[in-house]
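As structure tokens, the structure follows; a few thoughts come after it.
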Amino acid sequence: MTDAPSDAPKSQSGQAMWGGRFSEKPAELMQAINVSIGFDKRLAAQDLAGSRAHAAMLRKVGVLSSEDEAAIQQGLAAIGAEMDAGTFPFREEFEDIHMNVEARLRELIGPTAGRLHTARSRNDQVALDFRMWVREACERTHGQIQALQRALLAKAEQHADAVMPGFTHLQPAQPVTFGHHMMAYVEMFGRDASRFADARARMNESPLGAAALAGSPFPIDRHQTAQALGFDRPTANSLDSVADRDFALESLAAGSICAMHLSRLAEEIVIWMTPQFGFVRLSDAFTTGSSIMPQKKNPDAAELVRAKVGRLMGAFTQLSTVMKGLPLTYSKDMQEDKVPTFEAFDALELSLLAMAGMVADLQPNVENLAKAAGSGFSTATDLADWLVRELGLPFRDAHHVTGAAVKRAEQLGCDLPSLPLSELQALNPQITEKVYEVLTPEASVASRRSYGGTAPDQVRAQVRRWKEILG
């Protein structure tokens, strides 16, 4: 999307907006690789908004007459109505959304349409449109993340007492609660939401008025157009204004991290739904069957969410690669910024909606969770802590005694709560029957009352905190 003069005569050759220097129309292959209207028509609403603000500013500073501005605004309104009705004639001969709008405006109001492009370029126009689109996408994504957080909060509050195994290395580590596990993802997605909010705040500067790359000799008011379009201020350097795609890269980076978090939760759902785990159930709404195996109930929604992270990371890498070697300012390479960004946000928004639906639908199997919570000698650390707290042993000595107790329990084929007191006293004669009060998963969980711990009262406290944050 390179600059074009605003007053080029209309033709049917495909050169209508920039053909003054050319005597022949582009080759078909040139047209095929150059045309972007197939995807940048998604910027139509932003393009119209920018044009309305630009026309109003040109009138205020005296570049446009009131009559010309009124005609332009009327024509833009008619174009907007056509787009809303699905009747706008998108045409490849006009290459992109900007030239399609301008060409249609000329058809509706005549040569006055050519005055709209005064003091701007397609370079700052596309920078504006794309920035506004990404800004809106960040806002939508932020809201969708919060909707997912609310679904997780509801599940956490409902199951704040449900004991389950906590894992490291995917091996039983210490008992936790299902509510605490859900709250871990609330925290993750909270950081994701803040990254999108930060990205939105950083991108909220208007490039409109930077023109092709050097600014404009007309007495334009960039602060007026920035304010009209919801920006905090205009960009401060005209070169950077048209060359920058950091706003898209930062948003894709935030999206990649968010998609990675979605993928981790999706992976856990997939694992938890296996018969070997049997931790959770999903209804028919978020599962599918097999064409050959009648018994199957597959967590396909979770698997597809798990895979979508590839699109987000791929989009970030793709755009980074496009931008990495470009000298200032604009190069046509930058036309490749939109498709990966559009597709990435489409994938992320669908994944967030699907995950929020799955979380709301998901039902934990509390009995299986509780049974698994005590497996793998998961309360061994509680035994070591008891030896330190009650007997005054140094933690490393307590760790050694506990390791020996686990080894003896393995030899006897029992778990720690079932290990006879005589066996424990053989390892340290000071151990008393009180030790069994800390060896159940429920007791272990209840004792973890430190801030951010897994004790049910701590889980409920965090639920309350996040409810206040989310409003």
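The values are calculated or read from the model by the stated rules, or taken from the named source; none is laboratory data. It should be emphasised that the depicted structure is a prediction, and the values quoted were computed from it without experimental measurement. Using ideal geometry, Cβ is built from the backbone for each residue, glycine included, and neighbour counts are taken over all protein chains shown. Ligands, DNA and RNA are excluded from the accessible area calculation, which covers all protein heavy atoms including side chains. Shrake-Rupley method; radii C 1.70, N 1.55, O 1.52, S 1.80 Å.
The table for this structure:
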read-out: Some residue of the stretch 154-168 being surrounded by 24 or more Cβ atoms within 10 Å (Cβ to Cβ), of a type outside the set (Phe, Trp, Tyr), in a helix (DSSP H, G or I) and touching a Ser or Thr at 6+ places or on another chain (Cβ under 9 Å); value: yes
read-out: Single condition GLU442 does not satisfy, out of (1) within 30 Å of THR274 (Cα to Cα); (2) exposed (fewer than 15 other Cβ atoms within 10 Å of the Cβ); value: (2)
read-out: Index of the failed condition, THR402 passing every other in (1) open to solvent by 40 Å² or more (accessible area, probe 1.4 Å); (2) more than 43 Å from the chain's Cα centre (by Cα); value: (1)
read-out: In the stretch 341-386, the residues that are within 31 Å of the chain's Cα centre (by Cα), hydroxyl-bearing (Ser, Thr, Tyr) and either within 30 Å of SER241 (Cβ to Cβ) or open to solvent by 40 Å² or more (accessible area, probe 1.4 Å) (or both); value: THR341
read-out: Residues of the stretch 165-202 satisfying the condition of being in contact with a strand residue (DSSP E or B) (Cβ under 6 Å, 6 or more places away or on another chain) and hydrophobic (A, V, I, L, M, F, W, C); value: PHE167, ALA173, VAL176, PHE178
read-out: Within the stretch 25-110, helices (runs of 4 or more DSSP H) holding 2 or more residues that are within 21 Å of VAL339 (Cβ to Cβ) and either touching a residue at least 40 places away in the same chain (Cβ under 8 Å) or not basic (Lys, Arg) (or both); value: 28-34, 37-40, 44-60, 97-109
read-out: Subset of the stretch 218-232 [closer than 19 Å to VAL61 by Cβ and either of a type in the set (D, E, K, R) or touching a residue at least 40 places away in the same chain (Cβ under 8 Å) (or both)]; value: PHE218, PRO219, ILE220, ASP221, ARG222, GLN224, THR225, ALA228, LEU229
read-out: Pairs where the first residue, in the stretch 201-215, is in contact (Cβ under 8 Å) with a residue 60 or more places away in the chain and farther than 13 Å from THR225 by Cα and the second is hydroxyl-bearing (Ser, Thr, Tyr) and assigned to a loop (DSSP other than H, G, I, E, B), C-beta under 9 Å, 6+ apart; value: ALA211/SER121; ALA212/THR2; ALA212/SER121; ALA212/THR329; ALA212/TYR330; LEU213/SER121; LEU213/THR329; LEU213/TYR330
read-out: ALA71 vs. criteria out of contact with any helix residue (DSSP H, G or I) (no Cβ under 8 Å at 6 or more places or on another chain), open to solvent by 10 Å² or more (accessible area, probe 1.4 Å) and not assigned by the TED database to the domain that holds GLN335; value: no
read-out: Sole residue being at pLDDT 95 or above and either within 30 Å of LYS60 (Cα to Cα) or part of a strand (DSSP E or B) (or both), chosen from GLY143, GLY209, GLY190, GLY179; value: GLY209
read-out: Criterion: under 27 Å from ALA162 (Cβ atoms), under 26 Å from the mean Cα position of the chain (by Cα) and in contact (Cβ under 8 Å) with a residue 40 or more places away in the chain - qualifying residue of VAL270, VAL305; value: VAL305
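Rundown of residues vs (1) touching a residue at least 60 places away in the same chain (Cβ under 8 Å); (2) among the polar types (S, T, N, Q); (3) on the phi > 0 side of the Ramachandran plot, yes/no style:
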{"residue": "PRO394", "(1), (2), (3)": "no, no, no"}
{"residue": "GLU423", "(1), (2), (3)": "no, no, no"}
{"residue": "SER444", "(1), (2), (3)": "yes, yes, no"}
{"residue": "SER450", "(1), (2), (3)": "no, yes, no"}
{"residue": "VAL459", "(1), (2), (3)": "yes, no, no"}
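This table checks each residue for (1) in contact with a Cys (Cβ under 9 Å, 6 or more places away or on another chain); (2) open to solvent by less than 10 Å² (accessible area, probe 1.4 Å).
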| residue | (1), (2) |
| --- | --- |
| ALA113 | no, yes |
| CYS138 | no, yes |
| ALA197 | yes, no |
| ALA201 | no, no |
